[in-house]
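To keep things clear, I will list the structure first and then write my remarks on it.
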Amino acid sequence: MEILFAVLALAIGGGAGYGANSYISKQKASDADSKAKKLLDDAKEEAKNKVLDAKHEAVKINAELKQEERERRNKIDASEKRVADRETLLDNKLDQIEKRTEALGRSEKEIEAIKEEIRGIRTRQENNLEKIAKLKKEDAQKKLMEMTERDIKNDLVEYIEKRKRDATENADEIAKDIMSQAMERLATGTASERTISTVAIPNEDKGKIIGKEGRNIQTLERLTGVEIIIDESPGVITISGFNPIRRQVAKKALEALVKDGRIHPAKIEETVEKAQREIDEEVKVAGEQAAREAKVLGLPSEISKTMGMLKFRTSYSQNVLHHSVEMAHLAAMIADEIGADVQVSRTAAFLHDLGKAVSHEVEGKHHHITGDMMRKAGFDEATTHAAEAHHDDIEATTPEALIVRVVDALSGGRPGARGDKLENYVKRMTDLENVANAFSGIKKSYAISAGREIRVFVDPEEIDDLSAIKLARDVATKIEASLKYPGTIKVNVIRETRAEEYAK
């Protein structure tokens, strides 16, 4: 019985639960439908609003496009109007030009007709004049020229001579002025005597330099090609050699060996090789720097390096590389003044002593070597000739060549440019006087102005005025042929005649 009641109660509870669940489900479904309907209505309303907004925006854009179209059309219309106006104007001008051309054509025909008439009149007049004068036109012209030449010949000769004198005087004045200005604008140092190289060394290290049985000094001399003199002079070693670059290599190597303290043949070889490399680099840098200073750019590397070798070369104690740079500046100044080619003058002056760097290795005079090297390097003939012709054995045929010759004398002849030892100076003065005294009819001669002038006094009974002029030329020629000297030497022959009488 109890079980029956339990089952019945369970069935009643289950039916009530099912009914409750069904009611809740229906209620939720109803709410979902309401929400869905509301959402659908909202979506429709929003879509309707967006459609309206889109329509308004489309209307607005359409209006703007129509406005732009109207503006563009107005611009096109204005452009077309301007083009039409311009075409009308051009048509009017073409009509005027055609009318003017026709008028000019008629005028030309009229002028040509007038010219033809004038030529006819002139021909008739010439024929009439020939009949009256009984001379042809050519004969009359010839006679007129002969009469004119006869009348003004003397005046022409005098005028030409005057112009020649004026040109000569003015040329001297202008040349002196140009050269003095160039020398004033360029200031360089004076030369000092450089014939040997010396290295400071403690006295106790001299034995190391000599080495056992002289091996060290013999190795050093063999590798560098110089003579090393070790005497009793305190604290110094003298390096003597024909090649200045070899002397510089030996000097640098000696300084490095003394500083290092280890002096033996193997170390000497290593040090000399290092010094050689350093000198090669120094030569290269010196050539490039000199070219920049002289404003001669774009030189072949081999030519530039060869120019750098002149850093260690001197001529009459004047550094040849500095001399070349100085000449480049002087040549450019003078070329600019007289209207010559500045760059040709500058380059030729800078390279004129190029051959001196290798003159101890190549046979021939240094200026001929310079010409050969420049031609091989591809320099133009104008520059090569100007550099090669700076000595008298080659004729200077261009203004630039003459400029190089002049500035070579200027650079070497200025005060302080070249130094000289006292004994060399005395010998040069003596040789100069001996050359003059070798001629007959000379009483005495004196070299003055540091060898720039020699005054020769002659016997007036043996040498007349004409012979004195010839003697001056002969002495100058003998000096040129037998002596070496910088610059020029003035030969001044003096003939003095004295008349004596006594009043009693």
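Observations
- Inside region 252-264, residues that are surrounded by fewer than 21 Cβ atoms within 10 Å (Cβ to Cβ) and touching a strand residue (DSSP E or B) at 6+ places or on another chain (Cβ under 9 Å) make up a count of 2.
- Filtering region 385-399 to residues that are part of a helix (DSSP H, G or I) and either touching a strand residue (DSSP E or B) at 6+ places or on another chain (Cβ under 6 Å) or crowded, with 22+ Cβ neighbours inside 10 Å (or both) leaves His385, Ala386, Ala387, Glu388.
- Some residue of region 478-501 being within 43 Å of the chain's Cα centre (by Cα), in a loop (DSSP other than H, G, I, E, B) and of a type in the set (A, V, I, L, M): yes
The rows are residues; the columns are (1) surrounded by fewer than 22 Cβ atoms within 10 Å (Cβ to Cβ); (2) modelled with pLDDT of 85 or more.
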position: Pro300; (1), (2): yes, yes
position: Lys305; (1), (2): yes, yes
position: Ser317; (1), (2): yes, no
position: Glu326; (1), (2): no, yes
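- The requirement of being closer than 30 Å to Met333 by Cα, of a type in the set (Lys, Arg) and either buried (at least 16 other Cβ atoms within 10 Å of the Cβ) or touching a Gly at 6+ places or on another chain (Cβ under 7 Å) (or both) is not satisfied by Lys267.
- Condition check for Leu402: more than 21 Å from Val325 (Cα to Cα), modelled with pLDDT of 80 or more and surrounded by 16 or more Cβ atoms within 10 Å (Cβ to Cβ): no
- Residue ID - farthest from the chain's Cα centre (by Cα), chosen from residues in region 229-273 that are in contact (Cβ under 8 Å) with a residue 60 or more places away in the chain and more than 13 Å from Val199 (Cα to Cα): Phe242
- Hey, Ser25 in a helix (DSSP H, G or I) and at pLDDT below 85 or not: yes
- Criterion (modelled with pLDDT under 85 and on the phi > 0 side of the Ramachandran plot) met by exactly one of Ser449, Ser467: Ser449
- If you go through region 287-330 and keep only what is of a type in the set (A, V, I, L, M) and in contact with an Asp or Glu (Cβ under 8 Å, 6 or more places away or on another chain), you end up with Leu310, Val320, Val325, Met327.
- Some residue of region 340-352 being over 16 Å from the mean Cα position of the chain (by Cα) and either over 22 Å from Ala286 (Cβ atoms) or buried (at least 17 other Cβ atoms within 10 Å of the Cβ) (or both): no
- Test result for Ser304, touching a Phe, Trp or Tyr at 6+ places or on another chain (Cβ under 7 Å), more than 30 Å from Thr219 (Cα to Cα) and not aliphatic (A, V, I, L, M): no
The values are calculated or read from the model by the stated rules, or taken from the named source; none is laboratory data. Fair warning: this is a prediction, and the values are worked out from it, not measured in the lab. For neighbour counting, all protein chains shown are included, and Cβ atoms are generated from backbone atoms with ideal geometry for every residue, glycine included.
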